[in-house]
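Only one structure is covered here, and it is reproduced in the block below.
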Amino acid sequence: MNSLVTLLLYILGGAALGSLMLVTGIPAGPLLGSILGAGLLSISGQLEIANWPLGTKTVLGIGIGTVIGTGINRETLGELQSLWKPALVITFTLLIAGILVGLLISRFLGVEKIVALLGAAPGGTIGMSLVGAEFGVGAAVAALHAVRLITVLFLIPTIVKFLAQEGSIAINK
């Protein structure tokens, strides 16, 4: 099959399930749905592995970064004045936890150390997969991060809603 047609089918599969998830009300539903839609197509074995044109992931990464960046404004910077300490604590705690979990996974579950460390590292699927690709383990790292991302996208919103109902946290809308 033509690689352009294959890519179009993956895009349509991701867009279809992403659009369907939009109506579910699940936070980040479109992102989760598109990951699942394209992933299920890939797992099915009915399509060849997608070969994205050179620079596509970079352009998409720039686009996603731009969307996130436009959410940073003076109010955000004002919030950082009071949140910089928690931000540092969270960052270093996640880094240390990621390293420890990666080493434990490598030792006790027999996963290659580089895969375990990059797979357990806090970070986005795309970024860590690209780092993994530089070490020749991109697909394995992407798989670990995809499972993590899908799990987090399903569980955290549910936990937040539960805690809000219990009165443990307040949700500002």
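The values are calculated or read from the model by the stated rules, or taken from the named source; none is laboratory data. Computed from a prediction, not measured in an experiment: that's the story for all the values here. Using ideal geometry, Cβ is built from the backbone for each residue, glycine included, and neighbour counts are taken over all protein chains shown.
Just a few scattered comments:
- So SER106, is it within 19 Å of the chain's Cα centre (by Cα), part of a helix (DSSP H, G or I) and surrounded by 15 or more Cβ atoms within 10 Å (Cβ to Cβ): no
- Here VAL111 fulfils each of the conditions (1) in the same structural domain as VAL131 (by TED's automatic domain parsing); (2) of a type outside the set (Lys, Arg); (3) in a helix (DSSP H, G or I); (4) surrounded by 14 or more Cβ atoms within 10 Å (Cβ to Cβ) apart from (3).
- Of all residues in the stretch 132-148, those satisfying the criterion of being in contact with a helix residue (DSSP H, G or I) (Cβ under 6 Å, 6 or more places away or on another chain), part of a helix (DSSP H, G or I) and not small (Gly, Ala, Ser) are VAL141, LEU144, HIS145.
- Matching residues in the stretch 60-88 - criterion: being among the small types (Gly, Ala, Ser) and either assigned to a helix (DSSP H, G or I) or touching an Asp or Glu at 6+ places or on another chain (Cβ under 9 Å) (or both): GLY61, GLY63, GLY65, GLY69, GLY78, SER82, ALA87
- The residue that is farthest from GLY37 (Cα to Cα), among those in the stretch 120-173 that are polar (S, T, N, Q) and surrounded by 13 or more Cβ atoms within 10 Å (Cβ to Cβ), is SER129.
- One residue stands out among those in the stretch 34-59 that are among the polar types (S, T, N, Q) and not in a loop (DSSP other than H, G, I, E, B): the one that is surrounded by the most Cβ atoms within 10 Å (Cβ to Cβ), which is SER34.
- Number of residues in the stretch 52-69 that are closer than 15 Å to THR125 by Cα and either among the β-branched types (Val, Ile, Thr) or in contact (Cβ under 8 Å) with a residue 24 or more places away in the chain (or both): the value is 6.
- Yes/no for ILE49 being free of Cβ contacts under 8 Å to residues at least 12 places away in the same chain and either closer than 22 Å to ILE150 by Cα or among the small types (Gly, Ala, Ser) (or both): yes
- Test: residue in the stretch 114-125 that is more than 17 Å from the chain's Cα centre (by Cα) and in the same structural domain as THR151 (by TED's automatic domain parsing): yes
- Answer from SER168, SER106 - the residue that is free of Cβ contacts under 8 Å to residues at least 12 places away in the same chain, in contact with a helix residue (DSSP H, G or I) (Cβ under 6 Å, 6 or more places away or on another chain) and more than 22 Å from GLY55 (Cβ to Cβ): SER106
- Odd one out for LEU153, checked against (1) touching a Pro at 6+ places or on another chain (Cβ under 8 Å); (2) of a type in the set (A, V, I, L, M); (3) assigned to a loop (DSSP other than H, G, I, E, B): (3)
- Residue that is surrounded by fewer than 12 Cβ atoms within 10 Å (Cβ to Cβ) and assigned to a helix (DSSP H, G or I), where the choices are THR6, THR91, THR24: THR91
- GLY33 being without any contact (Cβ under 8 Å) to a residue 24 or more places away in the chain and within 18 Å of the chain's Cα centre (by Cα): yes
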